[in-house]
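FYI, it's all coordinate maths here, none of it is from the lab. None of the values given here were measured: they were computed from a predicted structure. Counting neighbours? That spans all protein chains shown, and the Cβs are built from the backbone with ideal geometry, glycine included.
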Amino acid sequence: MRKDNRDNLSLRKIEIIPNFIKNSEGSCLVRFGDTQVVCTASVDTKVPRWLMGSQKGWVTAEYGMLPRSTHERMRREAAVGKIGGRTSEIQRLIGRSLRSVVDLGLLNEKLITIDCDVLTADGGTRTAAITGGFVALKSCIDHLLRQKEIKTNPIQQYIGAVSCGILNGKILLDLDYSEDSNAEIDANFVITENMQLVEIQATGERKTFSDQDLHEMLKASKEAIKKIIQLQKSCFEK
């Protein structure tokens, strides 16, 4: 058993609170154990220059961590004067993931920005941001449909993400920080509702891994994402 009394292939306790930020067109607070991320969606009529006149919209993302989201204070990137490489990589990952399930041709030249702000980091912040970012995005799309700013729902299917890894030779799902920082193999899976792969990030941190290891991690992650997507759906059913 792990420190939070779950077995190796179990998720942490997940909670998604929709409409967490009242000022935005869509928002939620997502919790994976002690990891907490606020996700908001904002609409702008000014799309990137290369899309002007195309009738297509765009979905992008920004990601950041509060200074005390970690055990020791982090400097704000605004104070440093530039975005770090890790932040830039995660922003691109979130944006790619969310765009993969959106028909951009139905957005009517609207830009939707998903802001993901980490309140508490205990492993899996990027996968939590994708999971919560989708809820914020769908809430925003529902708002645009109600306001008749777009005619057809551009969301093709739900999407979720989860971390997986190998520690002491055992496959673990949804790693917390202590597990992630010591894992031999570290992976993140982004998967759609119909179990299609969007992105796999897998790294041999301390050793190599086999095709079979990857297959077993993927199998566990698919089962987990089925549960995650059901939790996302329950937000809108309520």
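At a glance:
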quantity	calculated
Inter-centroid distance (Cα atoms) of region 15-77 relative to region 140-216, Å	18
Net charge of Cβ neighbours under 9 Å - reference residue 158; Lys, Arg +1; Asp, Glu -1	+1
Ranked list, fewest to most other Cβ atoms within 10 Å of each Cβ, for 45, 60	45, 60
Reduced Cα scattering model of region 14-237, Debye log10 I(q)/I(0), q = 0.08, 0.09, 0.14, 0.18 Å⁻¹	-0.29, -0.36, -0.86, -1.33
Charge-dipole axis of region 4-131 as Lys and Arg at +1 and Asp and Glu at -1 on Cβ define it, positive-most pick from 125, 43, 80	80
Under 10 Å, Cβ to Cβ, from residue 185 - net charge with Lys/Arg +1 and Asp/Glu -1	-2
Calculated Rg and Dmax of region 107-190 using C-alpha coordinates, Å	16.9, 54
Ascending count of other beta-carbon atoms within 10 Å, so fewest first, for 217, 74, 195	195, 74, 217
Neighbourhood charge, 9 Å Cβ-Cβ cut-off, centred on residue 45 and excluding it, Lys, Arg +1 and Asp, Glu -1	0
Fewest-first ranking of 50, 58, using other Cβ atoms within 10 Å as the exposure measure	50, 58
Helical segments meeting 27 Å axial Cα length and Kyte-Doolittle -1.0 threshold in the chain (DSSP H)	125-146, 211-237
log10 of Debye I(q)/I(0), alpha-carbon scatterers only, for region 162-208 at 0.19, 0.21 Å⁻¹	-0.56, -0.66
